[in-house]
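What follows is a single structure, written as structure tokens, with notes after it.
FYI, it's all coordinate maths here, none of it is from the lab. Keep in mind it's a predicted model, so treat the numbers as computed, not measured. Cβ coordinates were reconstructed from backbone atoms using ideal geometry, including for glycine residues, and neighbour counts include every protein chain displayed.
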Amino acid sequence: MSEKQEDELLLKAAKQEAAQAGTSGGGPPSAVTRLTKQPACIAHGTMRPYQLEGLNWLIKLHENGINGILADEMGLGKTLQSISVLAYLKEAKGIDGPHLVIAPKSTISNWQREVERWCPSLKAFKFSGDKHEREP
């Protein structure tokens, strides 16, 4: 799916949701989630505005039940944005997991450290090895 097609799909879904909420007769239309500050359980620092934009985009994808790929230049905080959406799900939606992060073997230890650093309330553990090593 192209980015333009994805945007059109998101806009269509948002319009349908607003229309359904507006015609239900019960109260105001449901609000679209828009965070202006990072989840409280994110520790160790402050997210930058562009990282909050990425987090809001990830939240919107989740709310609309669609997938996306968070991709930009190195060093802009994709790992933190990914961890922060898990923190948001835990904090705001009560979705505690389990969540599965699939990463190359060369980066899996870094992912575990980053989860423990940025969101210590999430329980992270590394599951890797060959078939024999993974057997209980």
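Among [x] 16.7, 56; [y] 14.2, 42; [z] 17.5, 59, which one is Rg and Dmax of the Cα atoms in Å computed from these coordinates?
[z]
Is it possible to state the helix-based mean residue ellipticity at 222 nm for the chain, with each DSSP H run of 4+ residues giving -39500 (n - 2.57), the sum divided by total residues, to the nearest 500 deg cm²/dmol? What is it?
-15500 deg cm²/dmol
Considering only the other residues whose Cβ falls under 15 Å of the Cβ of Ser128, what net charge follows from Lys and Arg at +1 and Asp and Glu at -1? Intermediate values should be presented prior to the final figure.
Values: positive: Lys105, Arg113, Lys126, Lys131, Arg134; negative: Asp130, Glu133, Glu135.
So the environment of Ser128 carries a net charge of +2.
When Lys and Arg each count +1 and Asp and Glu each count -1, what net charge do the other residues less than 12 Å away from Pro39, Cβ to Cβ, add up to?
Numbers: positive: Lys37, Lys90, Lys93; negative: Glu91.
The answer is +2.
Going by how many other beta carbons lie within 10 Å of each one, how would you line up Trp118, Trp111, Trp57, fewest first?
By the 10 Å Cβ count, ascending, the order reads Trp57, Trp111, Trp118.
Step through the table entries Lys12/Lys60; Lys78/Lys131; Lys60/Lys93; Lys60/Lys90; Lys93/Lys126, compare each Cα-Cα distance with 19 Å, and write down the pairs that go over it.
Distance filter (> 19 Å) returns Lys78/Lys131; Lys93/Lys126.
What does the net charge come to around Asp7 if you take all other residues with beta carbon closer than 13 Å to its beta carbon, with K and R at +1 and D and E at -1? Mind dumping the intermediate values first?
Values: positive: Lys4, Lys12, Lys15, Lys60; negative: Glu3, Glu6, Glu8.
Result for the neighbourhood of Asp7: +1.
Exposure proxy check: Tyr50, Tyr88 ranked by fewest other beta carbons within 10 Å?
Tyr50, Tyr88
Which of Thr79, Thr107, Thr46 comes first, and how do the rest follow, when ranked by fewest Cβ neighbours within 10 Å?
Going from least to most buried by this count: Thr46, Thr107, Thr79.
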